[in-house]
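These notes are about the structure you will find just below.
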Ligand code: F6P
Ligand code: MN
């Protein structure tokens, strides 16, 4: 039997009792379509003249790759006119993007990291697009939206997901009830369901962390990793493996499918700040991981319960295996 398409999955979800709203369905289809275009641009590589840097920096002070900007524009253009959104926010833009007045407005807010792990693009490793969907606050219809309207905890996300551009292009999606995997059939241009509802395997002894930051970790995390490196010769009496691709999408995807733990703790640089962004990375990944039976915290608190103070806020991220994330607390 032919695997069902993303469109069919969404329409069937719309028909269920706790129906998926039609506007949200349209939004997800639009994001998925934009991801197809991004996938195409990435796969052309040097032939498409899309590789390399622009010589500019984004709001986070990171070098912008050409594809960061191309993917950002693609997502904005695709989502502006459909009437399903009130506003958008992106890791690559200083402030929010309101829907221009010439278009109808909807009730959703879309947040995205257009290309996650973009330092990997030029060396042909997996990168991805991460997205998160919130509802605009009650009573905001008809007035101009502000950044404040986006500052909602991750437990209010109505959908989240990522596309991963690797050996295959996949879309991993949750609309709040399970996590589903769709594979892009490139010839036909259609997303087909290839797995789901995903349940991440528990008990896999694999950790993902940037070891070079060791001296900046909180002592409890340094201790947690130290024990795992000691492996069979230490108190755990079991060996562990380490994997780090420096592309959050790729590391989280491996953990969703194979198990293990991902750690990017808040560290001692600039007074305990962190690397990953709450709204564009931590929240959507935390929702996916929890929906697949894992856990996600910032060292102390559940990520999805954090009340954001600013749009580009950074946060420590420890996610994956239930037991392992429980041990890795600060
Ligand atoms: O978007 C930030 C990011 O590139 C993530 O995709 C990745 O997990 C992390 O940063 C890599 O950090 P580092 O450069 O410290 O390895
Ligand atoms: Mn990123």
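Numerical summary
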{"quantity": "Gain in span if fully extended, residue 56 to residue 18, counting 0.36 nm per residue against the direct Cα distance", "calculated": "9.2 nm"}
{"quantity": "Within segment 235-265, backbone nitrogen closer than 17 Å to the virtual label 7 Å beyond the Cα of residue 214 toward Cβ", "calculated": "235, 240-244, 263-265"}
{"quantity": "Potential lengthening between residue 146 and residue 199 on full extension [0.36 nm per residue; Cα-Cα distance subtracted]", "calculated": "15.4 nm"}
{"quantity": "Ascending count of other beta-carbon atoms within 10 Å, so fewest first, for 97, 40", "calculated": "40, 97"}
{"quantity": "Segment 277-330 and segment 91-153: distance between their alpha carbon centers, rounded to Å", "calculated": "19 Å"}
{"quantity": "For the chain, built as a Gaussian network whose Cα springs stay under 10 Å, the top-fluctuating residue of 210, 120, 101", "calculated": "101"}
{"quantity": "In degrees, nearest ten, helix 248-258 long axis to first principal axis of the chain (Cα)", "calculated": "70 degrees"}
{"quantity": "Fewest-first ranking of 285, 242, 88, using other Cβ atoms within 10 Å as the exposure measure", "calculated": "242, 88, 285"}
{"quantity": "DSSP beta bridge pairing in segment 139-282, given as percent antiparallel to the nearest 5", "calculated": "80 percent"}
{"quantity": "Separation of the residue 11 and residue 236 label points, Cα + 7 Å toward Cβ, nm", "calculated": "4.8 nm"}
{"quantity": "Candidates 186, 237, 33: whichever shows maximal mean-square fluctuation once the chain is modelled as a Gaussian network with Cα springs under 10 Å", "calculated": "237"}
{"quantity": "Average Cα contact separation per residue, segment 206-327, under 8 Å, 6 or more apart, as relative contact order %", "calculated": "27 percent"}
{"quantity": "Pairwise label distance in nanometres, residue 257 with residue 33, each label 7 Å out on the Cα-Cβ vector", "calculated": "2.8 nm"}
{"quantity": "Alpha-carbon spread of the chain, three principal axes, descending order, Å", "calculated": "64, 50, 46"}
{"quantity": "Orientation-averaged projected area, Cα convex hull of segment 206-327 (nm²)", "calculated": "7.2 nm²"}
{"quantity": "Separation of alpha-carbon centers, segment 1-44 and segment 173-209, rounded to whole Å", "calculated": "14 Å"}
{"quantity": "Rel. contact order, % - alpha carbon contacts under 8 angstrom, at least six apart, segment 142-211", "calculated": "17 percent"}
{"quantity": "Residue among 247, 190, 118 with the largest mean-square fluctuation in a Gaussian network model of the chain, springs linking Cα atoms under 10 Å", "calculated": "190"}
{"quantity": "Value of relative contact order over the chain, rounded to a whole percent, pairs C-alpha under 8 Å and six or more apart", "calculated": "15 percent"}
{"quantity": "Average silhouette area of segment 6-195, convex hull of alpha-carbon atoms, in square nanometres", "calculated": "11.4 nm²"}
{"quantity": "Antiparallel %, DSSP beta bridges [both residues in segment 206-327], to 5", "calculated": "70 percent"}
{"quantity": "Between helix 6-15 and the chain: long-axis angle, C-alpha atoms, 0 to 90°, nearest 10", "calculated": "80 degrees"}
{"quantity": "Nearest 10 degrees, 0 to 90: helix 219-230 Cα axis against the chain principal axis", "calculated": "70 degrees"}
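Any read-out appearing in this document is the output of simple, stated calculations on the displayed coordinates, not a laboratory observation. A quick note: this is a predicted structure, and the numbers were derived from the prediction, not measured. Heads up, the Cβs are rebuilt from the backbone with ideal geometry, glycines too, and the neighbour counts pull from every protein chain shown.
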